[in-house]
Amino acid sequence: MAGFDEKCPFCNHEIDCRAAWDYQTEFIVVCKNCERDVQVAVRSEPVFETSKPSCPMCNKTLKVGDRNYCVGCREKLSALSENNKQQAAK
C-alpha cells in the first residue's frame with residue numbers, strides 16, 4: 001500500500017487525487033502512468049490514501065476494468081440474483 005503519499009500502489013507514479021475527487025469518502029481513479037484502477041480512500045482532513053482496489057466480498061485484488069467485484073464474486077452475485085428472480089416468480 002502506498003499510504004498517504006498519493007502515489008499509485010502499482011507503479012509508484014504520483015496521482016492527482018484532488019483533481020479526481022468528487023467529495024466521496026472512497027473513489028476509483030485510473031493511474032495515467034500504468035492505466036490501472038487505483039482505489040482512493042479520503043480521510044477526514046482530507047488525506048488521500050491509495051491502495052490496490054479489492055473485492056469487498058473476498059478481498060482479492062481487482063483487475064483492470066473489474067470496478068466493484070472480482071469475476072468470481074460477480075458470477076456468484078449474478079447466480080444469486082437469478083435465483084431470487086425465480087423465487088419471486090413462484
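The values are calculated or read from the model by the stated rules, or taken from the named source; none is laboratory data. Here the structure is a predicted model, which means the values were calculated and not measured. Counting neighbours? That spans all protein chains shown, and the Cβs are built from the backbone with ideal geometry, glycine included. What goes into the accessible areas is simple: the full protein's heavy atoms, side chains included, and nothing from ligands, DNA or RNA. Shrake-Rupley method; radii C 1.70, N 1.55, O 1.52, S 1.80 Å.
Structure data summary
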item: For the chain, size of Cβ-based charge dipole, Lys and Arg +1, Asp and Glu -1, in debye; result: 520
item: Reachable lysines from residue 60, criterion Cα separation under 17 angstrom, eight or more residues apart if same chain; result: 52, 76
item: In degrees, nearest ten, helix 71-89 long axis to first principal axis of the chain (Cα); result: 40
item: Option label - volume of the Cα convex hull per residue in Å³ computed here, alternatives (1) 113; (2) 195; (3) 133; result: (1)
item: Using a Förster distance of 30 Å, the FRET efficiency for residue 23-residue 90 (Cβ separation, nearest 0.05); result: 0.10
item: Potential lengthening between residue 63 and residue 76 on full extension [0.36 nm per residue; Cα-Cα distance subtracted]; result: 3.0 nm
item: Heavy-atom accessible area ranking, 1.4 Å probe, most first, across 62, 80; result: 80, 62
